[in-house]
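A.B. asks: Got a structure for you, questions after.
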């Protein structure tokens with residue numbers, strides 16, 4: 001096999017305890033270097049090269065071989081000769097490619113203003129909400145507050161679709177926002193440089209939307225969903241899409257490191273979300289998919305000279321994805337105004353949530369009767385829980401009432417219970433001027449409620 005490059009050098013070798021220069025021919029092959037001297041040949045595999053150090057016209061090559069670490073010092077005629085050889089060596093080539101990659105990133109976006117603003121907005125909303133509502137910053141318990149501030153729950157989002165976006169700026173405690181903002185700061189800046197601030201912002205908001213939509217599809221029984229994690233997973237999806245669509249723009253070493261990092265983040269977070277209750281993996285998956293799709297459509301080359309519109313491929317990809325998103329919106333019930341749910345999910349919602357809402361209404365009524373709250377506060381509190389019964393009744397009415405069905409008795413039972421609570425919470429407000437009568441009415445209706453459930 002012919003060598004690719006040949007150089008005449010002086011090699012420093014240890015002869016009888018003293019360092020001497022010996023003339024040699026340095027030949028560069030595709031996978032090794034060969035030092036040809038008068039009395040011996042030394043073969044240096046490129047895979048063994050650890051570090052390169054250039055001082056003036058002297059090049060030191062440190063290798064990790066089976067015999068242990070060794071260093072070869074070679075003196076060239078001039079510094080340019082040494083640099084010329086270094087440009088062929090793998091470590092130097094990777095360093096040049098990585099440097100070019102970082103320069104192109106800086107050209108694309110030297111700063112990351114969008115990531116900074118998004119983090120700032122999340123922090124501002126967090127401290128405003130927790131300060132105004134006087135919530136426990138470590139473990140907040142009043143979930144009604146999160147609904148009032150714009151969290152995503154199907155009961156409210158059906159009529160207030162803006163919650164699909166606002167929920168991405170609301171967090172359940174200090175640990176929740178700290179984790180999300182840490183990952184956003186770590187990965188968001190890279191994504192913003194890869195895509196540019198404008199496209200990055202558009203895809204971030206789109207990822208928040210797809211994450212919230214996926215949460216509605218999966219959690220149609222009324223789970224409260226909030227947090228930036230869906231959009232943060234979208235940021236991970238952006239990097240993944242860029243690596244797939246623009247692989248030629250990323251050096252092999254950087255590509256391998258980024259790919260491994262993104263895979264680890266996704267796998268560990270989904271595993272954590274599966275093992276730990278209360279984590280919305282549906283929102284994570286929806287955000288990841290949204291970020292990947294958005295970046296696949298909008299990604300562009302980091303090299304300004306290679307940037308082309310590529311309009312047709314992006315148009316085709318967009319036309320394929322748009323119907324899927326429309327189907328998701330339709331299936332979530334945001335257009336139909338009737339979420340598609342099964343009796344099983346309705347029953348789960350009924351058995352899991354009814355006690356919580358019954359206690360909530362009773363707490364607001366008792367607080368008013370004891371003079372601890374105003375009429376407006378009591379009405380507002382009751383209406384928060386009344387939403388549950390109204391929506392559950394809507395779900396029941398969306399199911400066919402076949403008297404021959406084995407589920408018919410269960411449907412009628414839940415239907416009557418919902419109607420009873422809606423009517424009770426309407427009638428009890430007629431006694432706001434007489435707290436004694438209100439208390440007696442409440443006690444009578446509670447007895448009637450228990451008879452209804454028997």
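The values are calculated or read from the model by the stated rules, or taken from the named source; none is laboratory data. Everything numeric in this text was worked out from a predicted model, so none of it was measured. Don't worry about glycine lacking a Cβ; one is built from the backbone with ideal geometry, like all the others, and counts go over all protein chains shown.
A.B. asks: Suppose the filter is farther than 29 Å from residue 292 by Cα, modelled with pLDDT of 65 or more and out of contact with any strand residue (DSSP E or B) (no Cβ under 6 Å at 6 or more places or on another chain); does residue 365 pass it?
C.D. replies: yes
A.B. asks: A further question on this structure: Can you find, within region 117-140, the residue that is modelled with the highest pLDDT among those that are assigned to a loop (DSSP other than H, G, I, E, B) and within 19 Å of residue 280 (Cβ to Cβ)?
C.D. replies: Ranking the candidates gives 140 first.
A.B. asks: Taking residue 152 and the conditions (1) closer than 11 Å to residue 224 by Cβ; (2) without any contact (Cβ under 8 Å) to a residue 40 or more places away in the chain, which numbered condition does it fall short on, given that it satisfies the others?
C.D. replies: The one condition residue 152 does not meet is (2).
A.B. asks: Checking the structure you have, find out if any residue of region 147-170 is assigned to a helix (DSSP H, G or I), surrounded by fewer than 18 Cβ atoms within 10 Å (Cβ to Cβ) and more than 22 Å from the chain's Cα centre (by Cα).
C.D. replies: So far as region 147-170 goes, yes, one or more of its residues are assigned to a helix (DSSP H, G or I), surrounded by fewer than 18 Cβ atoms within 10 Å (Cβ to Cβ) and more than 22 Å from the chain's Cα centre (by Cα).
A.B. asks: Looking only at region 19-33, which residues are over 14 Å from residue 73 (Cα atoms) and either at pLDDT 70 or above or in a strand (DSSP E or B) (or both)?
C.D. replies: Passing the criteria: 27, 28, 32.
A.B. asks: Within region 120-131, work out how many residues are buried (at least 19 other Cβ atoms within 10 Å of the Cβ) and within 19 Å of the chain's Cα centre (by Cα).
C.D. replies: Looking only at that region, the number is 2.
Residues checked against (1) part of a helix (DSSP H, G or I); (2) touching a helix residue (DSSP H, G or I) at 6+ places or on another chain (Cβ under 6 Å):
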site: 223; (1), (2): no, no
site: 242; (1), (2): yes, yes
site: 267; (1), (2): yes, no
site: 282; (1), (2): yes, yes
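A.B. asks: Name the pairs whose Cβ atoms lie under 9 Å apart, with the first residue in region 160-173 and at positive phi, the second part of a loop (DSSP other than H, G, I, E, B) and crowded, with 17+ Cβ neighbours inside 10 Å, and 6 or more positions between them or separate chains?
C.D. replies: 173/135; 173/140
A.B. asks: Further question: Six or more apart or on different chains, Cβ under 8 Å: which pairs go from a residue in region 52-64 that's on the phi > 0 side of the Ramachandran plot to one that's outside any strand (DSSP E or B)? Could you list them?
C.D. replies: 56/79
A.B. asks: Kindly check whether there is at least one residue in region 172-180 that is touching a helix residue (DSSP H, G or I) at 6+ places or on another chain (Cβ under 7 Å), in a helix (DSSP H, G or I), at pLDDT 90 or above and within 23 Å of residue 265 (Cα to Cα).
C.D. replies: So far as region 172-180 goes, yes, one or more of its residues are touching a helix residue (DSSP H, G or I) at 6+ places or on another chain (Cβ under 7 Å), in a helix (DSSP H, G or I), at pLDDT 90 or above and within 23 Å of residue 265 (Cα to Cα).
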